[in-house]
Amino acid sequence: MSQYYELVIFTASLSKYADPLMNQMDLNGYCTMRLFREHCTYVNGVFTKDMSKIGRNMKDAIILDNSPSAYMLQPECAIPIISWYDDPKDR
């Protein structure tokens, strides 16, 4: 996908935990930006991913997330996904 799109990983996890995992997942550096909890906006008791802060046109942005609170500031950009819980048969 990186041939056609800019790929950004935006997680509500702390960078000290998520960065090592991302290093294992993205060995070839396909994702051009990594954003963590410190980049989130705290709204009504939850960390939300304010996509406007990444400086991209929101008409060209998509966020895939399992948590509606994560994309509540830009719901028009969201594609909701189901949570994954250690399913060895998941492909």
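FYI, it's all coordinate maths here, none of it is from the lab. No experiment lies behind these values; they were computed from the predicted model shown. We place every Cβ from the backbone using ideal geometry, glycine too, and count neighbours over all the protein chains shown.
Excluding the site residues themselves, the longest part of the chain lacking any chymotrypsin sites (Phe, Trp or Tyr not before Pro) in a DSSP loop with at most 15 other Cβ atoms within 10 Å is 31-83.
Run down the lysines and flag those whose C-alpha is under 28 Å from the C-alpha of Lys16, throwing out any fewer than 8 positions away in its chain. Leaving aside lysines fewer than 8 places away in the same chain, those within reach of Lys16 are Lys49, Lys53. Taking a point 7 Å out from the Cα of Tyr17 in the direction of its Cβ, the residues of segment 56-91 whose backbone N falls within less than 19 Å of it are 65-71, 83-87. Report D for the chain in µm² per second (integer): Stokes-Einstein, Kirkwood Rh on Cα pairs, 10 °C, 1.306 mPa s. Roughly 111 µm²/s, to the nearest whole number.
Taking trypsin sites (Lys or Arg not before Pro) across segment 24-61, the ones in a DSSP loop with at most 15 further Cβ atoms lying within 10 angstrom of their Cβ are Arg56. Within a straight-line Cα-Cα reach of under 13 Å, Lys59 can be paired with the following aspartates and glutamates, leaving aside sequence neighbours fewer than 8 residues apart in one chain: Glu76.
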